[in-house]
Amino acid sequence: MILNRLELDFFRNYVHAEAQFAAGVNVIWGENAQGKTNLLEAAAYLSSARSHRARYDKELIQFGVDHAFVKGEVTAHGRDFTLEARLHRGERRQLFSNGVKLKAAGELGEVLNTILFCPEDLSLIRAGAAERRRFLDDAICQLRPKYAAALAEYRRLYEQKTRILRDWEDKPSLLDTLDDFNLRMAQVGAVIIHYRAHFVKRLAALTPPIQSDFSGGREKLSLGYETVSTVTDPEAPPKDLLPQLLDHQQSHRRAELDSRQCLSGPHKDDLAIFIDDQAARQFASQGQTRTAALSLKLACRELFREDTGEWPVLLLDDVLSELDARRQAFVLERIDGGQVLITCCEEDKSVPVTGKRFEVKNGTVIS
Ligand code: ATP
Ligand code: MG
């Protein structure tokens, strides 16, 4: 798939900008704080309505303005699409594909897929579980609209249950609704676990050969999915997972009331990563963690290709400068095939530009 054109209005530091990208490797360069990351963030937003660094959509809207627009022209599956996101302060965002309003963010992924790799991802292995869940969620949401919907519902339920647990002592009547929330959370949680387990299984097959190539055959990487302890087989159908999740909730009921926190459910899941059978989080060297983070992202890109039949658009934000020459060469060699947007600080001559070159300067894109 190709992102042919991106148009922004009042998105972050862009008042208005247009960029016409080419197939192949497009290099976006410029000084610090000019809008390079913002441009990639906008492209990624069109594939998932999610941002890797904003918690709320309103952060994407230019300071002092009430709305922002992002528009992308995409060629995918032999057809042309226009995707649009309209953000309004204090209102729900609206998404459109070829002018038709989308019911759910997950539908964007049926047109445009992106894999974003940024310097923060280099710590994916060592960071807390939340980062790895986010990595899984970002990917699965793009591939499976039903997963995106389940995750959104789970988040709503989680917030409501957290409020019940926080306030029940002052307002005991809140506890009347707890069982309903628990049941609904276990039902939706079972769907989430099922999807995550299947995704991790595929990722676990694709990542090790990349890590092995990367390390000259020296490093063996393996992945595992860690979820609620009562789940015996996370790949089982959701209906089989449900009673196991309810059991776990039941045994943690008292602890949840006492701690006033939601302790049971897939919001605590993790992706376990091992290098040579040792937990990478504790034992991997800095070089190994970088290699593993890269391998995971590149494996994800291949998984998307397997799933959709097309390469997702690869967004590389400032990562090349963080890698040594050998890893740089490996990445550059591995990424041919699909469209790539790479940002870098200066005009980096080591990147083979097979597409176009852009300069970003104070919220304008110059080609
Ligand atoms: P670097 O090379 O340092 O990574 P960059 O070109 O990637 O820089 P961006 O992260 O894209 O820079 O940010 C560019 C500018 O956008 C920053 O100065 C930031 O303060 C500004 N900015 C971020 N959010 C908004 C917003 N909502 N409204 C206006 N400006 C914003
Ligand atoms: Mg940046």
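The values are calculated or read from the model by the stated rules, or taken from the named source; none is laboratory data. Just so it is clear, the structure is predicted and the values come from calculations on it, not from any experiment. Cβ: placed from backbone, ideal geometry, glycine included. Neighbour counts: every protein chain shown. In case anyone asks, the SASA skips ligands and DNA or RNA and just uses the protein heavy atoms, side chains included. Shrake-Rupley method; radii C 1.70, N 1.55, O 1.52, S 1.80 Å.
Here is a yes/no grid of residues against (1) under 23 Å from residue 106 (Cα atoms); (2) of a type in the set (A, V, I, L, M); (3) without any contact (Cβ under 8 Å) to a residue 24 or more places away in the chain:
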{"site": "118", "(1), (2), (3)": "yes, no, no"}
{"site": "140", "(1), (2), (3)": "yes, yes, no"}
{"site": "147", "(1), (2), (3)": "yes, no, no"}
{"site": "181", "(1), (2), (3)": "no, no, no"}
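Only one of the listed residues (209, 243, 237) is open to solvent by 10 Å² or more (accessible area, probe 1.4 Å), out of contact with any strand residue (DSSP E or B) (no Cβ under 6 Å at 6 or more places or on another chain) and farther than 30 Å from residue 185 by Cα. That residue is 209. Scanning region 51-77 for residues that are open to solvent by 50 Å² or more (accessible area, probe 1.4 Å) and out of contact with any Ser or Thr (no Cβ under 9 Å at 6 or more places or on another chain) gives 55, 56, 58, 63, 64, 66, 67, 69.
Out of the residues in region 13-33 that are surrounded by fewer than 20 Cβ atoms within 10 Å (Cβ to Cβ) and part of a loop (DSSP other than H, G, I, E, B), state the one that is farthest from ligand 1 (Cβ to nearest atom). Here the residue is 23. Taking the listed residues 150, 105, 139, the one that is within 16 Å of residue 48 (Cα to Cα), open to solvent by 20 Å² or more (accessible area, probe 1.4 Å) and of a type in the set (A, V, I, L, M) is 105, with no other qualifying. Per the conditions (1) near ligand 1 (Cβ under 8 Å from one of its atoms); (2) closer than 23 Å to residue 89 by Cα, the sole criterion not satisfied by residue 46 is (1).
Close contacts from region 27-46, counting a first residue that is farther than 13 Å from residue 14 by Cα and a second that is open to solvent by less than 10 Å² (accessible area, probe 1.4 Å) and part of a loop (DSSP other than H, G, I, E, B), with Cβ to Cβ under 8 Å and a gap of 6+ residues or different chains, come to 27/351; 46/112. Touching a strand residue (DSSP E or B) at 6+ places or on another chain (Cβ under 7 Å), of a type outside the set (A, V, I, L, M) and touching a residue at least 40 places away in the same chain (Cβ under 8 Å): does that describe residue 309? The answer is no for residue 309. Considering region 47-77, and only residues there that are of a type in the set (Ser, Thr, Tyr) and free of Cβ contacts under 8 Å to residues at least 40 places away in the same chain, the residue that is nearest to ligand 2 (Cβ to nearest atom) turns out to be 51.
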